[in-house]
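Notes for the one structure printed next.
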Amino acid sequence: PGEEQLPPPALSRHAADPGYIAAPPAAVVGAGLGGSAVAYFLQQHFGPQVHLDVYEPAGVGGRLATVTVNKQQYESTGASIHALSLHMQDFVKILGLKHRREVAGKSAIFSGEHFVLEETDWYLLNLFRLWWHYGISFLRLQMWVEEVMEKFMRIYKYQAHGYAFSSLEELLRSLGGNAFVNMTQRSVAEALLEVGITQRFVDDVIAAVLRSSYGQSVLVPAFAGAMSLAGAQGSTWAVEGGNKLVCLGLLKLTKANVIPARVTGISLHSSEGRALYQVHYEGSEGQGSAFYDIVVVTTPLHPSRSNFTFENFEPPIADFLGAFQPSVTSVVHGYLNSSYFGFPDPKLFPFASILTTDTPNLFFNAMDNICPVNISAAFRRKQPQEAAVWRVLSQQPLDKQQLKTLFRSYYSVQVMEWQAYPRYDAAKSLPPIVLHENLFYLSGVEWVASSMEMIAVAAKNVALLAYNRWHQDLEKIDQKDLMHKVKTEL
């Protein structure tokens, strides 16, 4: 496709005007969960006639990728979804997808020398062990996480009433006041010690959970930490057939036009006092560009992640600070070396997932015996002495010696290296949502916390923000005292 022509003069936004357009053409950059969810929500609000182009150079689904081992598919990342993830629950229902069958398995926390905590089949015995080791700390943790989650859940009520926020700080403030904003600026360790949780509990348990979810230490901000801990203690689920089916399904449902091209930049033009965005892209056919009224960028705009240019913006769109945490996922089909974990007889090894403490000589963050994305009724977990598929998370690729430490022998190793999560200790301020009038940035939400549901919440917020700004409904943006407003509206 060659360069397209400028569209006819822009139309004003008032319905009384015969040239008014209720459904402006919109572009979404990226077809991961953020891109597919925002396309779905934009169509929900602007109506089925909205024209949506979604640019994606790689496959739909982004980080929700699967790998194939022995003709079976396995999630390589983003595996579990919290029970309270209401948008994800909705997507699954709307798309007619199913929850994957649960396959029970116990976990333990390994220090490099021994297991500091082991789960048993008995819920009461687990509680007793936690109590015995850590006193009241685990109850205090539960109360702290529940309090954060209870306030966070207000977002669904606000969004159901059409309210949106033009910055991450405003969104957090509406849910939990300045305390929530402060939780993005101080570490989870500091917040937990303050509510009376012991250092030992933080070092053993909290560190292990954060290493397995974010690949980082207890210095991650309190808010990101709370979201990760909620996933660790609540019930979680996954989509039968693979979580990426949500992305494929949403794009199909919205009949979005998926363009297999990489966006290289966005330049601003204006027509009759209205902003028009020219999206420049390159695909297998060469370079092209197209004009839109609304653009949502859902790929990370950090120099290490994308070489994206913004042209003709005044003031210019600033560079994004912060770095990304390199993360390595190794999917290994092999026989676990249980004696490394203190079990000379592999038959007796009882754990399906192993978390690790922050010990200098430990070369992996977590490993788990994973099940395929399609689980039949007859499926059973492999016995510990059988060859199984393990997913090992580490910061560096595992060398031969390290693989030998973890596995007696193996058939295959597939390695995915990716910049998974923000390096949380690196950011002092949160990225903006609004880059320009109708140009929005979705991925910044990951600096608050990174999970599938956080991204879905941000997608709904951006769609509502775009809609409210387009219709100049300022009553629905950044409102104070929303809890009270929503109560009176009911």
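At a glance:
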item: Criterion violated by Ile375 - all others in (1) surrounded by 15 or more Cβ atoms within 10 Å (Cβ to Cβ); (2) in contact (Cβ under 8 Å) with a residue 40 or more places away in the chain; (3) out of contact with any strand residue (DSSP E or B) (no Cβ under 6 Å at 6 or more places or on another chain); (4) closer than 23 Å to Glu446 by Cα satisfied; result: (4)
item: Residue in the stretch 223-235 that is touching a helix residue (DSSP H, G or I) at 6+ places or on another chain (Cβ under 9 Å), outside any helix (DSSP H, G or I) and closer than 16 Å to Gln89 by Cα present; result: yes
item: When residues of the stretch 354-413 are limited to those that are assigned to a loop (DSSP other than H, G, I, E, B) and of a type in the set (Phe, Trp, Tyr), the one farthest from Thr120 (Cα to Cα); result: Phe363
item: Residues of the stretch 289-317 that turn out to be open to solvent by less than 40 Å² (accessible area, probe 1.4 Å) and either more than 14 Å from Tyr441 (Cα to Cα) or part of a strand (DSSP E or B) (or both), as a count; result: 10
item: Gly286, sole failed condition from (1) open to solvent by less than 40 Å² (accessible area, probe 1.4 Å); (2) over 27 Å from the mean Cα position of the chain (by Cα); (3) over 18 Å from Ala261 (Cα atoms); result: (3)
item: Scan of the stretch 111-132 for residues that are touching an Asp or Glu at 6+ places or on another chain (Cβ under 9 Å) and touching a residue at least 24 places away in the same chain (Cβ under 8 Å), ordered by number; result: Ser111, Val116, Leu117
item: Residue ID - least open to solvent (accessible area, probe 1.4 Å), chosen from residues in the stretch 255-279 that are farther than 18 Å from Val297 by Cβ and among the hydroxyl-bearing types (Ser, Thr, Tyr); result: Ser271
item: Count of residues meeting criterion [out of contact with any Gly (no Cβ under 8 Å at 6 or more places or on another chain), of a type outside the set (Lys, Arg) and surrounded by fewer than 17 Cβ atoms within 10 Å (Cβ to Cβ)] in the stretch 419-432; result: 3
item: Selection count, the stretch 128-158, where residues are surrounded by fewer than 16 Cβ atoms within 10 Å (Cβ to Cβ), under 30 Å from the mean Cα position of the chain (by Cα) and not basic (Lys, Arg); result: 8
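Every residue, every condition in (1) surrounded by 16 or more Cβ atoms within 10 Å (Cβ to Cβ); (2) under 30 Å from Ser267 (Cβ atoms), yes or no:
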| site | (1), (2) |
| --- | --- |
| Val389 | yes, no |
| Val392 | yes, no |
| Leu406 | yes, no |
| Ser409 | no, no |
| Asn438 | yes, yes |
| Lys460 | yes, yes |
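The values are calculated or read from the model by the stated rules, or taken from the named source; none is laboratory data. Here the structure is a predicted model, which is why all the values come from computation and not from measurement. Note: ideal-geometry Cβ built from the backbone for every residue, glycine included; neighbour counts use all protein chains shown. Note: areas computed on protein heavy atoms with side chains; ligands, DNA, RNA excluded. Shrake-Rupley method; radii C 1.70, N 1.55, O 1.52, S 1.80 Å.
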